[in-house]
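Read through the structure below, which is laid out as structure tokens, and then see the notes.
Since every read-out is calculated from the coordinates, none of them should be taken as a lab result. The structure presented is a predicted model; accordingly, all values stated were derived computationally and were not measured. Counting neighbours? That spans all protein chains shown, and the Cβs are built from the backbone with ideal geometry, glycine included.
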Amino acid sequence: MVKYSIFTIARNALTGHKDWPKQWRSPEPKPEYDVIIIGGGGHGLATAYYLAKEHGITNVAVLEKGWLGGGNTARNTTIVRSNYLWDESAAIYEKSLQLWEGLSQDINYNVMLSQRGVLNLAHSLGDVREGVRRVNANRLNGVDAEWLDAEGVKDFCPIINISKSARHPVLGATLQRRGGVARHDSVAWGFARAADALGVDIIQNCEVTGIKRKDGKVTGVETTRGDISAKKIGVVAAGHSSVIAEMAGIRLPVDSHPLQALVSEPIKPVIDCVVMSGAVHVYVSQSDKGELVMGAGIDSYNSYAQRGSFHVIEHQLGACLELFPIFSRVRMMRTWGGIVDTCPDASPILSGTSVEGLYFNCGWGTGGFKATPGSGWCFAHTLAKDEPHPLNAPFSLSRFESGALIDEHGAAGVAH
Amino acid sequence: MLNIDCPWCGKRHETEFRYGGEAHIARPEDPAKLEDTEWAEFLFMRTNTKGYFAERWLHSHGCRRWFNVFRNTVTHEIVGSYKMGEKPPKLPKSAGGTK
Amino acid sequence: MTQAFRTTSGGRIDRKKAINFTFNGQSYIGYEGDTLASALLANGVHLLGRSFKYHRPRGIVAAGAEEPNSMVQLGEGATTEPNIRATQISLYEGLKASSVNVWPNLELDISAINGLFAKIMTAGFYNKTFMWPRSMWMKLYEPVIRRAAGWGKAPAMGDPDIYDHMHLHVEVMVVGGGPAGLMAAMAAGRAGARVLLVDEQNEFGGSLLSRKRQIGGKDETAWIADMVAELEAMPDVTLLRRSTAFGYYDHNYLCVLEQKTDHLPAAERKGKVRQRVWHIRAGQVVLATGAHERPLVFADNDSPGIMLAGSVQTYVNRYGVLPGKKMVLFTNNDTAYEAAIDLQAAGGDVVAIIDCRTEPTGELVDAARALDIEILAGHAITGTSGGKRVSSVEVRKIQKGAKVYTTIERNIDCDLVAMSGGWSPVVHLFSQSQGQLEYDEEKVCFLPGKSRQAQQVAGALAGQFSVKECLAGGYKAGADAARATGFTPKRKPAAPEIDEPAVGSVEPYWIVPSSRPVGEGMAKHFVDLQNDTTAADIELAVREGFESVEHIKRYTLTGFGTDQGKTSNINALAILSGILDKPIPKVGTTTFRPPYTPVSYGALAGRNLGDWSDPVRVTSIHDWHVKNGALFENVGQWKRPWYFPKQGETMQEALNRECLAVRNSVGVLDASTLGKIDIRGPDAAEFLNRIYTNAWAKLGIGRVRYGLMCHEDGMVFDDGTTARLAEDRFLMTTTTGGAAGVLDWLEEYLQTEWPELKVYCTSVTEQWATVSITGPKAGAVLEKLAPEMDLSHENFPFLSFKEGEVAGINARIFRISFTGELTYEINVPWTCGLALWKAVMAAGAEFDITPYGTESMHILRAEKGFIIVGQETDGTTTPQDLGMDWIVSKKKPDFIGKRSFTRSDTARPDRKQLVGLLTETPDDVLPEGSQLVFDPNVPKPIPMAGHVTSSYYSAALGRSIALALVKGGHGRKGQKIFAPLDKRTVTAEIVDPVFYDKEGDRLNG
């Protein structure tokens, strides 16, 4: 792997940039792999990378039906944080955040992690209570967290409207200073390049059409580019998890929904942190390019269409202007949608299944981006060892039978 | 903004309705007899079909009636809506017959 | 300054109405009917801004929505707007605009130094660097990048303007008011359909505004006027000008932005709606959105003065402006010749036409020759000079297939380059509507293929590039749309004679080589002017393994600008197709995403701001609360009095006073917001049996019972009391915030699971106002108001209700209690709430009756260990966790939630359970939300044992009290537990959650 640095760029500039190697190969699929990862998004590529790096398993294929990083990795609002309420969530997201903090150097690809702080606003006394509860829990879990009152919010984010006469006034906020944003595409590309360098085959335009099984065990996959054998298959196909599950004859506690996001035209820097409000349904940050990046809740109905209904966007902009009146004359430039698979408890599934050798990593709902490295790290462990790492053990499918849900709905009270 | 055909009121904007998820999941007659696995199937496991899908909607800002809609989750095409207890409409020929 | 580049006559401007405006502080004059762009060009101003990465000088390229360059900061102060295209700004008196992203000024932009580093700032360079040392990314690299990025500035204050939303249903919506759209609207309108015609321009006419045509013996202006007049006379036809259809969604739902005042001087805008978003549901949609011209990609094709040929023609014909006086045309097709012919006719000089085709022929070519314009066929522009304004072009003979063209034919001096790479139909809305695109080799463009919605396409969008085709195609589309929605079109009118040149041929020419291979040397072949994406960037991306068109877009940023690549997308993918040696249709397009052009947040929010962002619900007693100094709490949509401070009182003092009044005398609470549901029918009792955890069949008429509801997962989700009004009738109360959800949930079960049950539910929350009087003197107060009523405990026991007159008002009185004191909840018709409240206040005056709010209500119930759903519960709490096994029936075979109680985790003995906490220091009030641990002296992560759900200072007890959920808490009473706070750790003892009057003696006063 050519090491990326300003010096390499300068050297290549002298030769008209004609000598840059491909960031990853485009190999033909081999007949057999030790592990097949279905889904070439951030989580799938991270899984492949950590399989190779942490467990020495390099005979791995990542099968992507379209172009890599083209699913939710390309479509999210790039927020990174770990301040979840429940111990199980905090642990896995904090692992992820710690991996984020060294990721650019680890994979030699600038993922532009910008730890500019994430505010989760409270608009009612109930929100305040839950926010304080979360801050206290985060601290005991070793996750950085602060509670800010309304004035503190204003100090941290001066353009926010904290007027007491607002319909849903800002009463305070939790702040995680280590939270922030990262560059979504770079994460997929960086993991792809690093995994490829370790020998992983990344195979694009290769859609899985069947899961081959024998005696209750997986033996491989059927794809649009032929059959490929493997004794272990990790499914990381957010949005389409149920479709792959059906190929293996199982059902998941998952529904696919549209999640829309939007950006404004690029403007000069006005907001230097991430602001999220579950109660009024909006979250906002500003990209390095100057766009205001915004998202809200999911559309209500099941869909695989990568688009949602416009009233969701309009509602979100109303909420946005309540918080940021100065954005009224800023203009929405582009909207898009992704497909998120949501779990009943708003927590993910990283788990084996009733089919031996078949593992699922899904159900991240609206919050998967931040988990990318941690999810891949845990899932790689699960695939390598055939048992979950303690960090992802609570996120098993069996929790839906035992009732040990990790319900981040009522608790975290935030949409993302 | 879907245009949903309420069997009682006719076509209305989606904003008048509340979504109710997958249709035809009947509450078990006698839950006490079920194993935990079977109960979990009822409570949580879903088909989440890609393609033609029977789902429930409530006309919450209208007649407040629940009904079913047969809709394609990829194109959002609505084949038809039908009352609770009725069977889904037939698929258009062009669609071929998936579930 | 005079308008030196204004033609002597012609154009659709009003030369009698001069308009003063300033750009970058300099004053200019334009005419009514101008855009900012045309007025600047009339004054010879081409340099409008600097480019994104290299800060190269940039000018006006186009004349409409496709403009990639000329974004300005429009206006000042509270009404300033960033990034508005000069080509889309109607000129108005007093307009002020300035360039964006330049420092210190446009002429002398320091960041142009970036050009020196251009060789380093290739596509994706930021992925490869700024990583060392790690700490510098946040400290230095990113802040610098951020400051450099972005175009204009957001206003520093809120928006004084108002916006609104409209909704419209029509049979036929026509998008685009050019010749095709006008004809479509006419056909549908004459058939009798309700029609909406929208167009983004200030007047209808589309391409006819830019080109001279005789139609049926009339000139284009007269033809447009006649069409519009007829349409305006039709009562069911709505015409919207300055209205852009920006989004096309499922089921023929379209959104349109109408700009109502943006073209007016500031003084005339006051009090008017600035912009309106129309939400349209159409039976059929006719898309007649026209086409955009493509630039040609040649070396240094970005200087001011290099423009699209069709736009040059627009400036000449529509605005009476010569964008230059010495023009070179560079084209791969015939239509562009018209620009040269028109410019020459208007007084400009066309010095040469560079045509990449070897043998251009046709009417327009002949016409140009007839004007003695030199045509260099089989040639190309391979370089330009001039910098801030193009001053000459380098022309070479095309060497077919060569990567480098070796010999310079000559250099030609000029002040304007008009270019045309052919036309791209504006497929954006069609594509948004999920229609499929097909590539047309002959027309060299993507055209609409299979539709996914009820729609028609017409005009240039459909590849109909002549007016004649547009009129025929438009009529057919409008008639077909009317027919599809149940109308019978009138007989088709005879096609008018049209005097226009034949369309002619176009030859693809996607990238123009120069003396060195693309990417080498200093020359840049720009593909996306706004993002400074060059052909070399696309080559680099492919070299590095990015082959999908979506990857190319993301890696090079082409098409990611505020113009969304209207002029660049097709060129980019054609260049990609060339590099990959794959046909264009195989490369595919990127997704066309809404909005078509940017839309202000204000317009999208409409009136849904402030109190209108969410309905405010108030009780019939609200005004009294306001007058008496209440502070309010939002509970769901309701405003509830939080507490009633008296002059000079702190919050705690007020709460102490309110609570002690209840405990010692009498207090009064407005409880009107509690949800109330009337449940009727012969199966009502059976229904309650299924949805509550406890038994209801035997509840006597006139009696009241408390109930808990769980979801199927066994978790508590609401509670309240329900009274049996009659054998077949109950009145259920719910929590304030949960009322709507509970009603939905009841109806869901009735309609979907148990349709055989004969039960009807009706929300009566806002039919009954509820005044709760509570305290030892409550009986004495009620006695005064209802002297006829037997209030003895024998005849009116706890958990019963009576009907009767209270203060002369028909009332239902419930004996329930949320404070532990003797309580009467008096329900009267909503409109009588205030009268009752006043009567209660008057009657209670002698007992110093004290109004209290939600906060005291919370304290009083916490003293009694009563839960609040949503506070003691969070969706993960069972009745057993709350110590409320007593309310979970063991006898009923089934109720909602029952099955889940026996799951292994739900039945776990060490679940978090509700307990009381008493802090070691009595004055120490634990913060709600404090986390609890059994051992605070272990390293992080510290295992958590639970958390504080409610916590107050209790005046009645003279100390703090708290409720908490603690792991295995029911078995831990008497044990110590710790709350590690930010700076200290609080020790508390786990106790029973009932703190006050454990025996319940006070219930009867």
Residue-averaged beta-carbon neighbours from other chains (10 angstrom radius) around C:903-913 = 3
task = Per residue of B:70-81, count partner chain C-beta atoms within 10 Å of its C-beta, then hand back the mean as an integer.
result = 4
key: Of A:K3/A:K53; C:K676/C:K891; A:K268/C:K553; A:K289/C:K139; C:K119/C:K524; C:K890/C:K967, those spanning more than 20 Å from alpha-carbon to alpha-carbon   = C:K676/C:K891; A:K268/C:K553; C:K890/C:K967
inquiry  = Between 0 and 90 degrees, rounded to the nearest ten: what's the tilt of helix A:372-385 against the longest Cα principal axis of chain A?
reply    = 30
Cα-Cα pairs of the stretch C:295-421 separated by more than 26 Å (percent) = 12
request  = Go through the stretch B:2-8 residue by residue and turn each phi into a ³J(HN,Hα) via Karplus (6.51, -1.76, 1.60, θ = phi - 60°); whole Hz please, and just put x for glycine and proline.
outcome  = 5, 10, 9, 8, 6, x, 9
request  = For every other residue with a beta carbon closer than 13 angstrom to the beta carbon of C:N105, add +1 if it is Lys or Arg and -1 if Asp or Glu, then tell me the sum.
outcome  = 0
key: GNM result for chain A, Cα springs below 10 Å: residue of A:M276, A:M247, A:M294 fluctuating most strongly   = A:M247
key: Distance between the stretch C:585-650 and the stretch C:399-433 - C-alpha centres, whole angstrom   = 51
task = Arrange the following residues from fewest to most other Cβ atoms within 10 Å of their Cβ: C:Y337, B:Y52.
result = B:Y52, C:Y337
ask   = Within the stretch C:95-252, what percent of beta bridges assigned by DSSP are antiparallel, to the nearest 5?
value = 25
request  = Pull up the DSSP beta bridges for the protein assembly as shown and report the antiparallel fraction as a percent, rounded to 5.
outcome  = 75
request  = Straight distance only, please: which aspartates and glutamates reach the Cα of C:K96 with their own Cα at less than 12 Å, same-chain residues fewer than 8 apart left out?
outcome  = C:E76, C:E81
remark   = Residue by residue through the stretch C:253-267, the couplings from Karplus 6.51 cos²θ - 1.76 cosθ + 1.60 with θ = phi - 60°, in Hz, x for Gly and Pro, are 9, 10, 10, 10, 9, 9, 9, 8, 10, 5, 9, 9, x, 3, 5
inquiry  = What translational diffusion coefficient, to the nearest whole µm²/s, does chain C have by Stokes-Einstein, given a Kirkwood radius computed over alpha-carbon pairs, a temperature of 20 °C and 1.002 mPa s viscosity?
reply    = 63
Rounded tilt (10° steps) of C:739-748 against the dominant C-alpha axis of chain C = 80
Tail beyond 24 Å, pair distance distribution of the stretch A:166-272 (Cα, percent) = 54
query = Taking H as built 1.01 Å from N, whose amide H comes closer than 5 Å to the amide H of C:V174, not counting residues under 5 places away?
reply = C:L196, C:L197, C:V198, C:V286
request  = Would you mind telling me the antiparallel percentage of the DSSP bridges in chain C, rounded to 5?
outcome  = 75
ask   = Viscosity 1.002 mPa s, temperature 20 °C: Stokes-Einstein D of the stretch C:670-860 from its Kirkwood Cα radius, in µm² per second?
value = 124
note = Sorted by chain and number, the residues with a modelled amide H under 5 Å from that of C:S600, at a separation of 5 or more or across chains, are A:M332
ask   = Which residue, A:A46, A:A237, A:A90, tops the fluctuation ranking in a GNM of chain A built on C-alpha contacts under 10 Å?
value = A:A90
task = Using the 2.2 N^0.38 Å rule of thumb for compact globular proteins, work out how the stretch C:530-571 stacks up: its C-alpha Rg over that value, please.
result = 1.04
Degrees between helix C:220-233 axis and first principal axis of chain C (Cα, 0 to 90, nearest 10) = 30
inquiry  = If neighbour count is taken as other Cβ atoms inside 10 Å, put A:H55, B:H76 in order from fewest to most.
reply    = A:H55, B:H76
Relative contact order for chain B, counting Cα pairs under 8 Å that sit 6 or more residues apart, in percent = 25
Whole-number percent relative contact order across chain C, with pairs defined as alpha carbons under 8 Å at least 6 apart = 9
request  = Using only the alpha-carbon atoms of chain A, report the extent along each of the three principal axes, biggest first, to the nearest angstrom.
outcome  = 66, 63, 40
key: Sequence of C:T902, A:T335, C:T35 once ranked by neighbouring C-beta atoms within 10 Å, starting from the fewest   = C:T902, A:T335, C:T35
ask   = Mind listing the phi-derived Karplus ³J(HN,Hα) values for the stretch C:494-510, rounded to whole Hz, using 6.51, -1.76 and 1.60 with θ = phi - 60°, and x for any glycine or proline?
value = 5, 5, x, 5, 10, 9, 8, x, 5, 5, x, 9, 9, 10, x, 8, 7
ask   = So what's the back-of-envelope 222 nm ellipticity for the protein assembly as shown, counting only DSSP H runs of four-plus at -39500 (n - 2.57) apiece and dividing by all residues, rounded to 500?
value = -6500 deg cm²/dmol
request  = Would you mind giving the mean number of other chain beta-carbons within 10 Å of the Cβ of each residue in A:136-146, as a whole number?
outcome  = 5
key: Centre separation in Å (Cα based) which lies between the stretch C:7-42 and the stretch B:31-63   = 64
key: Calculated P(r) tail over 58 Å for the protein assembly as shown, as whole % of Cα pairs   = 26
task = Take the alpha carbon atoms of the stretch C:244-310, find their center, do the same for the stretch A:335-404, and report the distance between the two centers in whole angstrom.
result = 44
ask   = If you count, for each residue, the other Cβ atoms within 10 Å and average over each peptide, how do C:375-383, C:872-880 line up from highest to lowest?
value = C:872-880, C:375-383
key: Three semi-axes of the equivalent ellipsoid, the stretch A:1-157, Cα gyration tensor, whole Å, largest first   = 38, 22, 14
remark   = Answer check: the stretch C:1-153, Cα atoms, Kirkwood Rh, Rg/Rh ratio of 1.08
key: For the stretch A:220-375: rounded, prolate or oblate by the Cα gyration tensor [a/c cutoff 1.5]   = prolate
request  = For the stretch C:908-1004, just say rounded, prolate or oblate: build the C-alpha gyration tensor, square-root its eigenvalues into a ≥ b ≥ c, call rounded for a/c under 1.5, and beyond that prolate if a/b exceeds b/c, oblate if not.
outcome  = oblate
inquiry  = Given R₀ = 51 Å, what would the calculated FRET efficiency be for C:A225 paired with C:K582, taking r from the Cβ atoms and rounding to 0.05?
reply    = 0.55
